[in-house]
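The values are calculated or read from the model by the stated rules, or taken from the named source; none is laboratory data. What you see is a predicted model; the values in this text were computed from it and never measured. Note: ideal-geometry Cβ built from the backbone for every residue, glycine included; neighbour counts use all protein chains shown. Remember, those area values only see protein heavy atoms, side chains included, never the ligands or the DNA or RNA. Shrake-Rupley method; radii C 1.70, N 1.55, O 1.52, S 1.80 Å.
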Amino acid sequence: MASRAIKRKAPLAIEESSSDESEFEYKEDEEEESDDEESIDADTEESESDEESVGDIDEIANNINLKDISDDESDVVDDANDDDLYTKVLNENNLSTENTNEDSYKWKIESISNELEPISSGNNVAKIDEYNYDSSDEEVNYVHIGYDVNGRKIIKPPAENEIDEFLRRMDDPTYWRTVQDNLTGQKVVLTDEDVDLVRRIKNSKFPDPSYDPYAPFIDFFSYEKMIHPVTNRPETKASFIPSLSEKRIVSRLVSAIKRARLRPKPKVVKDSQFNFKYDLWEKDDKKVRRHDRYIAAPKIKPPGHEESYNPPPEYLFDEQEKKDWLEIPAYPEFVKERFERCLDLYICPRARKNRVQVNPDDLIPELPKPADLQPFPAIQSMLYLGHEGKTVSVSTEPMGQFFVSGDNTGLLKIFEVLTGRCFKTIQFDEPITCVNWHPSSTRAVISVVVNTKVYIINPGIGQRQIVHQTDEYFINLPSSSVDTDSNEQLVDVEWKLLNSEANPEEWSKGIRIIIDHKYEINQLTWHCGGEYFATVMPAGANKSVVIHHLSKQKSQVPFKKSKDIIKCVRFHPTRAYFFVATKKSVRVYDLIKQDLTKKLIVNTSEVSCMAIHPGGDNIIIGGVDPKVQWFDLDLSTKAYKTLRYHKKSIREVEFHSKYPLFASASEDGTVVVCHGMVYNDLLQNALIVPVKVLKSLKDNSPMIDCNFHPIQPWIFTCSSNAIRLFT
């Protein structure tokens, strides 16, 4: 109880001394007095209390308990299950309470004083000398890693050997995410969030996954004058203090003015506006103080003897001249014209216009390089032979495996594209004008124009199922009939449906239908659906264009009369529009409304061919004169661009169905391939760039026809007696 009473009175301070015995220092808090006498009495009383405390310490040393030292001054009761500091220290050193003696007590007290070394500082707060006690000292191997809030030691966890480490690595599934805390020596299992954080830092990413480094930037600054400023930083003190440098400059100027060293510039007296003290006829060699581009009006020559009131005798009339001149009346408008001339000289502005130095190369628009616009046909890859006469037409199958060609001797040949093998040959009695493959891949149909007849042929090649379906389609067709046009005039067209029994010879060749016309046919074109096709007969006048319906075997004339000779026609790829090209113009008709929608003005001597873009909004027209014109139907009725890359007339123009390519074949033996990109943006015009000029390798024979491959960027051309493939 005595120790408890002393402990409550003041905190115990355990100090390290040089002697083996521990000294307990007891200090009593006292108030300081201002008077010297009272301070002396306080010192004497304190010294007496120290002497008394020495005797008390001897009694406490024999009865002191380490548990009393470790207890809190506020009488905090420890848990029953927790060991006290004394028991822990004994267990660490393998000692028991029974064998303890006075020496062991002294050793324990010395070890505690060496570890803690508290110094009493008043107000019941203990301080530790940081110079004598350093927890970061690695040379000393402490058995604990620190203290808890109640002052108890935190014992180090036992160290694992390599065998235990290996077994834990094999058995523990969380070993890969377990790390050791160097501060406490404990094993810490990382959570999924910690693993994700480590991976993000290792990959040089932001630790926080919710942070967006590319968030939209909000520009808070505005050039407009706002009510509130961007920053409210007050003005600096220097802005309110007058400048010393400006003060010195002003003082110098004032001093110079007082001493008459600084004088104002003299004023230049200008002449009056109506001061005419100069010679009107004097030659003015000085430059006019106006803009250099100004040109003064030309001066009238000085008056001579003609205008003088006292001319010399040689300028006077003699008697005969007086009689002749007096009979001529004076010109009444002389004064008026003279006055107007003076106004022109005075009012008319004159300026010198400098000639602009323009480099002609700068006027050429910047076009992309052809190498950047690939793919497009560039070299001749194959030459298909077998025709005896001059080839005039070529057409490719919709799948791109075969193509058909015809010549002026009436020979029709079907080749395979990749191998060059001729699968079928059909001989006609008259020259072939043009050949066309059916646009749909569901039917194996070829149309051949021979003079005034159109032959619908089943080639019998390709997929057998499609070939049999095509034959069944022709067998199930109704009998042919004659239809009348809108003017109730008979159409000069005769349909003849063949069968294997009545016409075995034609049936064996593949001919299924023969359509006979009155006039010679120059062109045949299919509708994209494959049900309709149109023929052009330039000599037929108002019946020069006939539209045929294959399933119903009917024909009709769409026009009542024709104002000009029709050269070629085309169907719109997506709409019910019909394009008709005459010698000087191209008309666009709406087949549903049956009226004219647009007329294109062609700047060429005579139209020879026409092609429509797969989008339907652009067309190209070739003429007899070597010009190819591009028309944008949404832009204007006049040509958007004119290409002059040929030397002779254009025979055929063609668009590619998939690639942005178009080509023109000419009689000069060349095929010009151009890149024609049409954009979906209506504000952006089409990009037209010539990329390649194709020629035959040996001869310079004219290119009569050209046709693009439906899938690949290849083109077939007809020249002389062969078909050339450029890839």
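What to note about this one:
- Spatial separation of Cα centroids for region 514-537 and region 186-259, in angstrom: 79 Å
- Subset of LYS599/LYS648; LYS390/LYS648; LYS453/LYS695; LYS543/LYS638 violating a 23 Å alpha-carbon distance limit: LYS599/LYS648; LYS453/LYS695; LYS543/LYS638
- The residues neighbouring THR178, those whose beta-carbon lies less than 10 Å from its own, together hold a net charge of +3 under the Lys/Arg +1, Asp/Glu -1 convention.
- In Å, descending, principal axis extents of the Cα set of region 391-523: 51, 32, 28
- Packing-based order for 380-388, 547-555, 366-374, using average beta carbon neighbours within 10 Å, highest first: 547-555, 380-388, 366-374
- Farthest toward positive dipole pole in region 484-604 [+1 Lys/Arg, -1 Asp/Glu at C-beta], among SER562, VAL546, LEU524: SER562
- Here region 408-528 has 44 percent of its accessible surface on carbon and sulfur atoms, given a 1.4 Å probe and all protein chains in place.
- For region 194-256, the fraction of 1.4 Å probe accessible surface lying on carbon and sulfur atoms is 61 percent.
- Taking packing as the residue-averaged number of other Cβ atoms within 10 angstrom, the listed peptides 583-589, 389-395 run from highest to lowest as 389-395, 583-589.
- Rounded percent of accessible protein surface that carbon and sulfur make up, region 326-386, 1.4 Å probe: 58 percent
- Region 362-475, accessible area per residue, ligands and nucleic acids excluded (1.4 Å, Å²): 49 Å²
- Taking a Cβ cut-off of under 14 Å around PRO573, the surrounding Lys, Arg, Asp and Glu residues balance to a net charge of +1, with basic ones at +1 and acidic ones at -1.
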